[in-house]
Ligand SMILES: C[S@@+](CC[C@H](N)C(=O)[O-])C[C@H]1O[C@@H](n2cnc3c(N)ncnc32)[C@H](O)[C@@H]1O
């Protein structure tokens, strides 16, 4: 009798344990609630009462319109461009209103400005002789002077490096004619001219060692395409010499859109795979930046 309560407790606990084990092994049809772990892995049974088909793309992010836009009959719709590098924005006084990488492209300097390019005081203002010394060209190098204008640089480089070849490239035929005349007058045989296009220098692949652009790049209407064609025309290891008026320096007396910052130039050259190598700060008004094709 002394142990009766203990016996009753043991009997009660055994009965409860038996009930619980019976429930967990129950048939799925059993009205008994399943244990939580089982419910989580149980496949969902489709509701036969459901009227709508489930959307297979529900929850999938897409930029495609679900329906093709309606085109009026007979109208020709050009395919969308694969990539547009440019945008249109506010047009400033010297600008085109066309923007590339956050900068407004300037207008092209017309051939009536040849006198300005050839001005005698250019040497004291911009030190072009010093700039040409910094090019450190080697014998047999082929240099394209892109946006050559009157040929101020092309002619002097050709005279300074008689064993190298200079190609003067410009999009204005008046500039090319002026440069051709001067070449003949000076009797230079290591210089040729080439009428380029606004979006390509149109020279064969890997045909040049160096590309020089003096105060020209900022006015290319298609900088991405131009630089792509220049990078293609360069031999591996070839260099780009980019001379632009320093936009960081307010004392350089040139209109803002004809200047460029180093950061901007580096960003734009990197886009076509050119590696910045160095910037020489020896010139009074311009950055002398060197990039290389890997
Ligand atoms: C400000 S001038 C500089 C001329 C020369 N580099 C100098 O320093 O004496 C710029 C020249 O770039 C030329 N130009 C502009 N866009 C060009 C392009 N896409 N390809 C070749 N030349 C271009 C213009 O016709 C103009 O003669």
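The values are calculated or read from the model by the stated rules, or taken from the named source; none is laboratory data. Quick caveat, the model's predicted, so the values are computed rather than measured. Cβ placement follows ideal geometry from the backbone for every residue including glycine, while neighbour counts extend to all protein chains displayed.
Numbers at a glance
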read-out	value
From the options 202, 215, residue that is farther than 20 Å from residue 164 by Cα and within 8 Å of the ligand (Cβ to nearest atom)	215
Some residue of the stretch 246-263 being under 29 Å from residue 140 (Cβ atoms), modelled with pLDDT of 95 or more and within 16 Å of the ligand (Cβ to nearest atom)	no
Hits in the stretch 141-154 (condition: surrounded by fewer than 24 Cβ atoms within 10 Å (Cβ to Cβ) and within 10 Å of the ligand (Cβ to nearest atom))	150, 152
Hey, residue 224 at pLDDT 95 or above and either near the ligand (Cβ under 9 Å from one of its atoms) or over 30 Å from the mean Cα position of the chain (by Cα) (or both) or not	no
Looking only at the stretch 91-118, and only at residues there that are part of a helix (DSSP H, G or I) and in contact (Cβ under 8 Å) with a residue 40 or more places away in the chain, the one that is farthest from the ligand (Cβ to nearest atom)	114
Pair list, Cβ < 7 Å and 6+ apart or interchain, from the stretch 142-169 residues that are in contact (Cβ under 8 Å) with a residue 24 or more places away in the chain and closer than 14 Å to residue 128 by Cβ to residues that are in a loop (DSSP other than H, G, I, E, B) and within 13 Å of the ligand (Cβ to nearest atom)	150/118; 152/118; 154/148
Matching residues in the stretch 157-176 - criterion: being under 27 Å from residue 232 (Cβ atoms) and either at pLDDT below 95 or within 15 Å of the ligand (Cβ to nearest atom) (or both)	157, 158, 166, 167, 168, 169, 170, 171, 172, 173, 175, 176
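Table: residues versus (1) out of contact with any helix residue (DSSP H, G or I) (no Cβ under 7 Å at 6 or more places or on another chain); (2) under 20 Å from residue 230 (Cβ atoms).
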{"residue": "136", "(1), (2)": "yes, yes"}
{"residue": "155", "(1), (2)": "no, no"}
{"residue": "163", "(1), (2)": "yes, no"}
{"residue": "175", "(1), (2)": "no, yes"}
{"residue": "186", "(1), (2)": "no, no"}
{"residue": "189", "(1), (2)": "yes, no"}
